[in-house]
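Reviewing the structure listed below.
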Amino acid sequence: MDTEQRQFLDDILSGMRSGRITRRTFLERATLLGLTSTSALSLLEACGGSASGANTLVWQSENDTSNTYGKLTEAFNTTVGKKNNIAVVWRQGPNSTDDLLTRYTTTLRARGTSIDILSLDVVYPAQFAANAWIQPLDKFWTPEERKNYLQSPLQACTYQGKLWAAPFRTDIGLLYYRSDLLSHPPKTWEELSNVARTLQPQTKYGFVWQGAQYEGLVCNFAEVLHSYGGAVLDTKDPTNIKVNDARGRAALSTMVNWVGTISPDAVITYQEQQSLDVFKSGDALFMRNWPFAIAISNDAKQSRIPRQFEIGALPAGDKEGTGHSTIGGWNLAINAFLPEERARAAWEFIKYMLSPEAQKIAALEATFTVTLASIYGDADVLKQHPEFARFKPILEQSQPRPVSPKYTAVSNAIQKHIFRALKHQVTPVEALANLETELNNIINPR
Amino acid sequence: MTTFTARPPQEKKLSLFDRIRLQGGFLPYALVLPTILLILIIAIYPMLDSIRLSFLDNPLLEHPAFIWFRNYTASLRDDVFQQAFLTTIIFMIGSVTLESIIGLGIALLINKTFPGRGLVRAAILVPWAFPTVVSAQMWLLMYNDQTGIMTYILRFLHLLGPSDSLIGSYWGVIAACLITDVWKTTPFMALLLLAGLQVIPAELYEAADVDGASRWQRFWRITLPMLKGAFLIALLFRALDAIRVFDIFYVFGQRSVPSLATFASQKLLSPIGSDFSQGVAVSVVIFLLGVIISLIFLSFMREGTRQQR
Amino acid sequence: MAVQKQVLMPTHMHVEETTKTTKEWNWGVFGRYLAVILIVFVSLAPLYWTFMTSVKEGLELSAAPPTLFPRTFSLENYQHVLTTPTFLLALRNSAIVAGATTLLSLFFGIFCSYAIARTNFIGKPLVLSCVLSVNMFPFIAMVGPLYILFTGPFYVYNTYLALIIPDLVITLPLTIWFLASFFRDLPADLEEAARTDGASRLQALWYVVVPLTAPGVFAAAILSFIAVWNDFLFGLVLTADEQAKPVTVAITQFSSEHTIAYGELAAAAIIVTLPLVLLVLFLQRRIVSGLTAGAVKG
């Protein structure tokens, strides 16, 4: 048998062992290879079903340009994986979350098992759970064990009392400000506005954020809304829509007033990259963005303001309140259509990713804001990434976006109406009233 | 083609087999079969399945209910759908018109020999060969309000405010999409029309020269009619592509200025089952729009062949 | 058009010679050159901009106002792109898939177009409508059933076939309709002459009809190749890793969730576009001249 045939045989063997191809398909292909049907059959018997043989799992992650996921997978395969006869294959993800979602929905609608472990954006678990596309992790991960992890991401992965995904890393909205022009960050949005107006001539713009009509807008809006004490949906009763109240109106009015005054008109076309471009060119006093921007803004090859900025918590609505960052982040879930054996093996991998070793590697090498709370006090991590010390209090105050089994529709509605208000097509009052009506139709259909 | 001057006295009913044999035998079917088989399995089946899916409320359920046209009426009532529909029609008319005029001009221009002609043909192929995923991002960079070259050109021409971006307004997005699409797709038209020009027999022009025809007469009387077949097909395919426009609206218009296809895909990739079936319904609407456009074009083409006889 | 019927065969492809009077020469040719320069400029300007983006260093990339001539020059984007193994493998995949699809598309398409143009078989309008209907349906609605098909009964997921088959379906309609119109406009006399000389219908097709419609065949080939080259959606859903992933999907992986890697994207675009254009330029001269030379003989 030459190498190519050997390779083909290996492929179908591993495919059959991992349960990806049926016995019938295996036999068909083995006979294609030139084996007689009897020898193919005996090969089949020798390999057995799922009881023995290595389990090869596929992990589809989000985009990771640092290859840290590759390293972690490798580490798992050579240690825990080898011990338990599990091998994990890491699949690099597309950079657009929409493209990743396309892959997931196509696969899961077809009840496909070509992906075993999924990396889910923090807003997907409830929806995927509602479709029975992922399986609950409560039997694998006890509430006791979960205590050491950040609570906000766990809250985002909980739906109807069960936990559907294990938070691996999170993301928080931060306020970036020019420390060469300001000594301390503003405590309220009003203060931010005033400072920006005064100092704006020294940069070009006062405050840049993400105002385009996309998911990021929901993050920005949620942050301002939560900082005024408001909420989109009642956390205790997700069918109760609370966005159209005095606090909501105050929040939206604040945002609308920024456009064209302390923020450029084009802020309604900005996503993360565009707002970062403005800030790191030195043209903005304040920026709202995720932690990834820290390293880039400190890199003299890309930024005009290295070491001339600081990060802080987002401002609050009024003097008594606190700012609440929205969390982003990625969570590991298990495909619901897997047999028991494979699901268990998948959990082994997830458990490894949640372990202190793996979380530390992720924090050190990729600057991931991981979910194990102790990492934020770890000496090695703090030496390499001192800003992690700042994150802890911010993480404790962070809040997720509304958790809903219909999150996609909810998000689309929020995006649409908030965007119209930002473009001055409707007043904030009208926008919120329309939003409430549409959310009602989505969440409480007649 | 011979014509019977009188009917044969006994009108024998021809069997299907005889009729087939008279019209070229089974060879045409053999030639056509592989293509049709492929199209049936890969395209027609999903299309029909989509029509079926569009009549359901939630395809993810075990026993989804048939709600017939409710998905369609819900879409028609949705103001975002209405805007997407209008946007797509405007875009289609704009892009097809601009691309055919400019494409025809380019084809006529490079149909004559001149030094460097080969290089020009290669140059105009560049926009079309440029990978779509990247060209959309590059143009986005050019429209960037801070660093974009197009923004600076537009500000220089006083068409844009100091902190604004072309893609910040509805008509700006349409303009941006048209500019990028015309840049990208005109070579497609030009190439097809050029091929059409190249098979026009030279004798026709020589005969016209002998008759003393002017350049305009040559163009109007010979070139255009001879080009009609290729031109209409190029237009038809361009129009069908235009109603399915996705990439540029996805990057420039995003959620705020959707085209029919970006609106459909937004619903289609939603995990929510009822959104999915609505997305399928919108896809079927695009299909129906395509059918209407095809029928219109086909009537023009048939007119053409009727004239030729 | 009675004129068409009388022409027995084109003696040469219609390419106008520029022989005019001196007065017309000045205006006509000047205007033509101006137009040509304008067209070339507009076509290539974004390419130049992309090239500049790929060699500018980070700081200059986000300069406002943008610089027309790069003040910095660095090839690190190209280095990064070319040393990413997944990118080169994806390039290979795209080349193979596009090439194979184009050849198959021409093969099936020429047969189908010939049947449509020259015969009047029962069910022809149905065939034509079927073929055209492919172009009326947004592909995003087709990927779901295709995924199910390719991971189920016909398991070719993550192989070249998984891309070639749907790509064939998207290239065939234009090929067929376009070539059918070319074949139809070609006078039948030449084929009849060949057949009375003893050639079969198929031989007449390949040795007479195709060479005479060479510009059309070539145009269809280029357009098919580029259409397949540019496909993103099928590549995203029907492939999983470097085994079959096309370059359009691989390019997106230089960016990350929140950042757009403009430099790498630009470098990748140049790497992908220029060879393609040069290849077409080269083939154009060889193939078209070769085929038309064959046709000139009486």
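Where a number appears in this text, it was derived from the coordinates with a stated rule and is not lab data. Keep in mind the model is a prediction, meaning the values are calculated, not measured. All Cβ positions, glycine included, derive from the backbone under ideal geometry; neighbour counts span all protein chains shown.
Details
- Of the peptides A:234-244, B:235-245, the ranking by mean beta-carbon count within 10 Å, highest at the top, reads B:235-245, A:234-244.
- Efficiency of FRET from Cβ geometry, B:LEU16 and C:PHE69, R₀ 51 Å, rounded to 0.05: 0.10
- Helical segments meeting 20 Å axial Cα length and Kyte-Doolittle 1.6 threshold in chain A (DSSP H): none
- With each label modelled as a point 7 angstrom along the Cα→C-beta vector, the B:SER163-C:PHE41 pair spans 3.4 nm.
- Electrostatic dipole magnitude of region B:172-291 [Cβ: Lys, Arg +1; Asp, Glu -1; Cα centre; debye, to 20]: 280
- Mean partner shielding of peptide C:75-85, defined as the number of other chain Cβ atoms within 10 Å of each residue Cβ, is 0.
- Set of aspartates and glutamates with alpha-carbon distance to A:LYS139 below 20 Å, sequence-local pairs under 8 removed: A:ASP116, A:GLU340, A:GLU341, A:GLU348
- Annotation: amide H of A:THR56 within the under-5 Å range of A:SER18, A:ALA87, sequence separation 5 or more or interchain, hydrogens built in the peptide plane.
- Residue among A:VAL370, C:VAL280, C:ASN93 farthest towards the positive dipole end of the protein assembly as shown, charges placed on Cβ: C:VAL280
- Residue-averaged beta-carbon neighbours from other chains (10 angstrom radius) around A:203-216: 2
- More than 56 Å apart - percent of Cα-Cα pairs taken over the protein assembly as shown: 19
- Under 22 Å of direct C-alpha separation, and excluding same-chain neighbours fewer than eight residues apart, A:LYS301 reaches these lysines: A:LYS204, A:LYS280, C:LYS56.
- Residue-averaged [θ]222 nm for chain A, counting only DSSP H segments that reach four residues, each worth -39500 (n - 2.57): -14000 deg cm²/dmol
- Cut-off 18 Å, label 7 Å out along Cα→Cβ of A:GLU145, residues of region A:108-123 by amide N: A:117-118
- Largest-first principal axis extents of the Cα set of region C:170-229 (Å): 42, 18, 16
- Theoretical FRET efficiency, 1/(1+(r/R0)^6), r = Cβ-Cβ of A:ASN440 and B:TRP68, R0 25 Å, to 0.05: 0.50
- Average beta carbon contacts from partner chains per residue of B:189-197, 10 Å cutoff: 5
- Using the Cβ-Cβ distance between A:GLU387 and B:ARG117 with R0 set to 60 Å, the FRET efficiency works out to roughly 0.50.
- Global form of chain B, assessed from the alpha-carbon gyration tensor, a/c cut-off 1.5: oblate
- Less than 5 angstrom separates the built amide H of A:LEU163 from those of A:LEU137, A:ASP138, all sequence-distant by 5 or more or on a different chain.
- Rg/Rg_globular for chain A, with Rg_globular taken as 2.2 N^0.38 Å and Rg from C-alpha atoms: 1.10
- Aspartates and glutamates with Cα under 18 Å of A:LYS416, excluding same-chain neighbours fewer than 8 positions away: A:ASP98, A:GLU215, A:GLU223, A:ASP265, A:GLU430, A:GLU436, A:GLU438, B:ASP78, B:ASP79, B:ASP275
- √(5λ) per eigenvalue of the Cα gyration tensor, region B:65-116, largest first, Å: 45, 12, 6
- Residue pairs, from the table A:LYS147/A:LYS236; A:LYS383/A:LYS406; A:LYS319/A:LYS423; A:LYS351/A:LYS406; A:LYS383/C:LYS245, whose Cα atoms sit over 31 Å apart: A:LYS383/A:LYS406; A:LYS383/C:LYS245
- Residue among C:ALA188, C:ALA100, C:ALA220 with the largest mean-square fluctuation in a Gaussian network model of chain C, springs linking Cα atoms under 10 Å: C:ALA188
- Per residue, the convex hull around the alpha carbon atoms of region B:85-256 comes to 142 Å³.
- Label positions at A:THR261 and B:ILE51, each projected 7 Å from the Cα along the C-beta direction, are separated by 5.6 nm.
- Once the Cα gyration tensor of region C:76-297 is diagonalised, semi-axes √(5λ) in Å: 37, 22, 13
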